[in-house]
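Worksheet: the structure to be examined is printed underneath.
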Amino acid sequence: MSFAQLGLTEELLKAIADQGYITPTPVQLKAIPLILDGQDVLAGAQTGTGKTASFTLPLLQRLAENHDPHQKPHRVRALILVPTRELAAQVYESVKTYGAHLPLHAEAVVGGASIGIQTRQLRRGCDIVVATPGRLIDHVQQRNINLSNVEILVLDEADRMLDMGFLPDIKQVMALLPKKRQSLLFSATVPNAIKSLAAQLLNNPIEVEVAKQNATAENVSELVYGIDREYKRELLSYLIGSNNWKQVLVFVRTKHGADRLEKQLIEDGIRTAALHGDKTQGARNKALEQFKTGKVQVLVATDIAARGLDIEDLPHVVNFDVPQIPEDYIHRIGRTGRAGADGVALSLVCPEEAYHLVEIEKLLKRQIPRIADTGYEPVSLKIADAPKKNAAHKDTGKKDLRHSKKPASRGAKPADSKRTDSKRVEARGKGRSGSRGKA
Ligand code: AMP
């Protein structure tokens, strides 16, 4: 089925063609006709499924149908709430892209950007506001925005909004909205907390489920490297260098860890930037831009900062730290293999993290393939056996190298790597004797 058959207008079809989209994705096929029809929708759709267009396109069409060129001061007709500034920037871009041939006016209302400019725009009134909850509430309190005319409400990545503690803010916003409105809730996962939010927010919603829950994209090759923590950074540098990876998103657990790894990779001669919540908005935008344009090869990010980032055709995702919340694994892997492109997702798992890997595999209901004989793996411990407390001490018949310095492994080649690049590994190794010594 084509976009035209979904009932979208010429202006939107033109914008879609400008993007080079040919066929609607499954979530677009299901959600667009329902939203055009005025239904409330609860959609279980992950990033990468084309979900943003699935609510933005029909939202634009409905607003354009009875557009009044005279903006009403302080009023807004459609409110899109998202959890992070980065996602707000992306959704706002999508609104502008798909609405390029329509006379609608959109604003992004996020923390970290000038409140004065936002205030002036909001006071004039606008058709669409894409907002993070905190900054929106600031504007409500300062009476810059009046939500009593909202016709369409969208909650995007609702599960993450709840994870981030935005429920009270969402409730505060809901209380200011008119009862008669169309509401759309998009969420990567639909746990009970989301169902209960949906029950309060939506009116007879139609449920749309696309990518199977708890599944990762089929075109993503996932691999696990068992490795001691102290060798992770060396293996990562090696993999990036020897495979000549150009664009790698690396996930770490903490902001501090992101900064540290950024510094270490730079020392290894790899162009790297970090993205996390302690960076200013300007620094975050810069890091993202550098990554998108190829100025840096590696973006080291924490989960929250990376949530919802839309980086097209991202070929490599590395879990430098294994996510402690199993669902985050699916979100992270969602950065690659989007809209049909192939992706590779590697997880570097040390014995201390084996438990989290088991939890992830329980959620996925399958085992992620292991890379064998990398020269780095902690041979005393099979990752799959890890949660049993004494597994590490079982007599496996193999020599226990966990506590040795493993000199033989320096620069060891992963079994699947095709290139021999020992010079490069050696050169990198020289600069790092200090950190290695400490390990
Ligand atoms: P999203 O799930 O909204 O983050 O979208 C993921 C990516 O898919 C974005 O880069 C979109 O530009 C792209 N996309 C959305 N719809 C389509 C489509 N129908 N055909 C091809 N790419 C699409």
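Do you know which residues across segment 1-12 are away from the ligand (no atom under 14 Å from the Cβ) and assigned to a helix (DSSP H, G or I)? Listed by number, the residues that qualify are GLU10, GLU11.
Residues in segment 149-162 that are in contact (Cβ under 8 Å) with a residue 60 or more places away in the chain and not in a strand (DSSP E or B): ASN149, VAL150, GLU151, ASP156, GLU157, ASP159, ARG160, MET161.
So that you can scan it fast, the table gives a plain yes or no per residue for (1) within 19 Å of VAL208 (Cβ to Cβ); (2) surrounded by fewer than 21 Cβ atoms within 10 Å (Cβ to Cβ):
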position	(1), (2)
GLY20	no, yes
PRO26	yes, yes
GLY48	yes, no
SER54	yes, no
ASN66	no, yes
VAL76	no, no
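Using the structure shown, decide if VAL317 is within 16 Å of the ligand (Cβ to nearest atom) and either modelled with pLDDT of 85 or more or among the small types (Gly, Ala, Ser) (or both).
Against the criterion (within 16 Å of the ligand (Cβ to nearest atom) and either modelled with pLDDT of 85 or more or among the small types (Gly, Ala, Ser) (or both)), VAL317 qualifies.
Check off (1) more than 12 Å from the ligand (Cβ to nearest atom); (2) part of a helix (DSSP H, G or I) for ALA15 and give me the number that stays unchecked. Status for ALA15: all satisfied but (1).
For segment 370-386, the criterion of being under 16 Å from the mean Cα position of the chain (by Cα), modelled with pLDDT under 80 and surrounded by 15 or more Cβ atoms within 10 Å (Cβ to Cβ) is met by none of the residues.
Against the numbered list (1) crowded, with 24+ Cβ neighbours inside 10 Å; (2) within 13 Å of the ligand (Cβ to nearest atom), ILE35 comes up short only at (2).
When the test is whether a residue is among the small types (Gly, Ala, Ser) and more than 14 Å from PRO83 (Cα to Cα), ALA108 does not pass it. One residue stands out in segment 120-134 among those that are among the charged types (D, E, K, R) and modelled with pLDDT under 95: the one that is least open to solvent (accessible area, probe 1.4 Å), namely ARG123. Candidates in segment 163-208 are the residues that are within 19 Å of the chain's Cα centre (by Cα) and part of a strand (DSSP E or B); of these, the one that is nearest to THR52 (Cα to Cα) is PHE186. Just one of the listed residues (ARG160, ARG181) is surrounded by 21 or more Cβ atoms within 10 Å (Cβ to Cβ) and basic (Lys, Arg), namely ARG160. From the set of residues in segment 79-119 that are hydroxyl-bearing (Ser, Thr, Tyr) and open to solvent by 30 Å² or more (accessible area, probe 1.4 Å), which is nearest to the ligand (Cβ to nearest atom)? Among residues in segment 79-119 that are hydroxyl-bearing (Ser, Thr, Tyr) and open to solvent by 30 Å² or more (accessible area, probe 1.4 Å), the one nearest to the ligand (Cβ to nearest atom) is THR97. For LYS72, the stated conditions hold: it is modelled with pLDDT under 95, over 17 Å from the mean Cα position of the chain (by Cα) and away from the ligand (no atom under 11 Å from the Cβ). With respect to the conditions (1) under 30 Å from GLU65 (Cβ atoms); (2) part of a helix (DSSP H, G or I); (3) open to solvent by 30 Å² or more (accessible area, probe 1.4 Å), HIS139 lacks only one, and its number is (3).
Across segment 42-60, the qualifying residues are those that are touching a Phe, Trp or Tyr at 6+ places or on another chain (Cβ under 8 Å) and not small (Gly, Ala, Ser), and the one among them that is nearest to the ligand (Cβ to nearest atom) is LYS51.
The values are calculated or read from the model by the stated rules, or taken from the named source; none is laboratory data. Remember, it's a predicted structure, so these values are computed and weren't measured experimentally. Heads up, the Cβs are rebuilt from the backbone with ideal geometry, glycines too, and the neighbour counts pull from every protein chain shown. All accessible areas refer to the heavy atoms of the entire protein, side chains included, with ligands and DNA or RNA removed. Shrake-Rupley method; radii C 1.70, N 1.55, O 1.52, S 1.80 Å.
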